[in-house]
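The values are calculated or read from the model by the stated rules, or taken from the named source; none is laboratory data. The structure displayed is predicted, hence computed values, not measured ones. So basically every Cβ, Gly included, is an ideal-geometry build from the backbone, and we count neighbours across all protein chains shown. Heads up: the accessible areas ignore ligands, DNA and RNA and are worked out on the full protein's heavy atoms, side chains in. Shrake-Rupley method; radii C 1.70, N 1.55, O 1.52, S 1.80 Å.
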Amino acid sequence: MNGVHATGLLLSLLVTLLAFPSAAFAQTSPRPPLLSAEAVLLLDPEGRTVFAKNAGGERAPASLVKLMTLYLACEALEAGRADMDQAVTISRHAATTPRYRMGLRAGQQVPFQVLLEGVAIASANDAATALAEHLAGDEATFVSWMNDKAQEFGLNGTYFANPHGLPHPSQRSTARDLADLTGRLLRDHPNSRPLLGGQTFVFNGRVYARHIPLFSDPGGVQALKTGFTNEAGYNLSVSAWRNGQQFLMIVLGSRSRAQSFLDAKRLLRFGFVESGLEVPPEPKATRRRPVRARRAGRPATSTTVR
């Protein structure tokens, strides 16, 4: 190719880019969102990583521990070792589990289903302990089951010390392990999906409700578990569906409850765009007012419209 021909091609390409800038850059990936969370993981429907931040770092899981409690409870239901309508007698140990609680009382009989809802929706620690004792006979045996299941799943960064997530020096997990656990729970036990997607349930004449804006946002969130301790910060496990495809997201260590929801919303939007399921928003152009004609004795000024 001679120099004249090459110069002509370059000029032609330059004219095309100047004439059609939006077409030239239409495939540019969106900028990853700025997140307050300490650790984050978003997986696409194929299980591929869309976004990760400290995904393998071990952290306190708080109430996301209850995902394993729910897994073992749903497993017992499907194996016929438990029944939704079965009455569970509440022990003194379960009734005195520290907050947050449903207010269970020692000797009270509560349907198995209500305890499941208490764990999934109200994140009630006393309900988690009651389920553990009912299924395994005592809390310690249930916790050993939790760790056996974690080992079976290959969750090498995870160790459980209780069924509810209250702080314990040895209790830990990672964003990647928790995403794996969430995906297994929803896939292996589809009855967990309406539990984690529930927003209200009734116990003892009281309506328990959780007000989570992600459920009403058009991000497709249908299953969600929250968690919080002073040690862990604000944690989320989220499953969202878009066009029948499931995305899994873990957010750990956000600075506030509202910020955890905002992190999740931003990350989901980024994931949908990256996966081609949503069109990226057009960049906002900054408009400027025209410079006014200079009057005698007064300098010209310009104002930016915000």
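Things worth noting here:
- Among Arg269, Arg101, the order of accessible area from largest down is Arg269, Arg101, computed with a 1.4 Å probe on protein heavy atoms.
- Cα centre as origin, Lys/Arg/Asp/Glu Cβ charges: region 53-186 dipole, Debye: 520 debye
- Just the protein heavy atoms count here, and of the accessible area of region 119-250 at 1.4 Å, carbon and sulfur take up 48 percent.
- Between the residues Trp145, Tyr159, Thr97, the greatest Cα displacement towards the positive end of the dipole of region 80-180, with unit charges on the Cβ of Lys, Arg, Asp and Glu, is found for Thr97.
- When region 73-221 is described by a simple charge dipole with +1 on each Lys and Arg Cβ and -1 on each Asp and Glu Cβ, the residue from Thr182, Ala136, Ala79 located farthest towards its positive end is Thr182.
- For Met84, the solvent-accessible surface with a 1.4 Å probe is about 60 Å², rounded to the nearest 10.
- Cα-centre dipole for region 50-131 with unit charges at Cβ (Lys and Arg positive, Asp and Glu negative), debye to 20: 420 debye
- Region 106-173 and region 38-95 have their alpha-carbon centroids 9 Å apart.
- Cα-only radius of gyration and Dmax that characterise region 44-105, units Å: 17.2, 46
- Between the amide H of Phe51 and those of Leu42, distances stay under 5 Å, these residues lying 5 or more places away or on another chain, with hydrogens modeled in the peptide plane.
- Cβ-placed point charges (K, R +1; D, E -1), dipole of region 133-186 about Cα centre in debye, nearest 20: 240 debye
- Rg over Rh for region 35-140 works out to 1.08, using Cα positions for both radii and the Kirkwood form for Rh.
- Relative protection proxy for 127-134, 187-194, from highest mean packing down: 127-134, 187-194 (other beta-carbon atoms within 10 angstrom).
- Ratio of Rg to Rh for region 129-184: 0.96 [Cα atoms; Kirkwood radius as inverse mean 1/r over pairs].
- Scattering profile of region 178-222 at q = 0.20, 0.26 Å⁻¹ [log10 I(q)/I(0), Debye over alpha-carbon scatterers]: -0.80, -0.99
- For region 92-234, the fraction of alpha-carbon pairs in successive 5 Å shells from zero, as %: 2, 9, 17, 22, 23, 16, 9, 2, 0
- Each residue of region 219-224 was assigned a 3J(HN,Hα) from its phi angle through the Karplus expression (A = 6.51, B = -1.76, C = 1.60, θ = phi - 60°), giving x, x, 5, 10, 8, 7 Hz with x at Gly and Pro.
- Sorted peptide list for 136-146, 162-172, 56-66, criterion being average Cβ within 10 angstrom, highest first: 56-66, 162-172, 136-146
- Largest-first ordering by accessible area, 1.4 Å probe, given options Arg242, Arg206, Arg266: Arg206, Arg266, Arg242
- Extended-chain gain in nm, criterion 0.36 nm per residue less alpha-carbon gap, Ala52 and Arg257: 71.8 nm
- Amide H contacts of Phe203 (H built 1.01 Å from N, under 5 Å, at least 5 apart or other chain): Tyr208
- 18 Å cut-off, amide nitrogen to a point 7 angstrom out along Asp85 Cα→Cβ, residues in region 99-113: 109-113
- In this structure region 134-204 gives 43 Å² per residue of accessible area when probed at 1.4 Å with all protein chains present.
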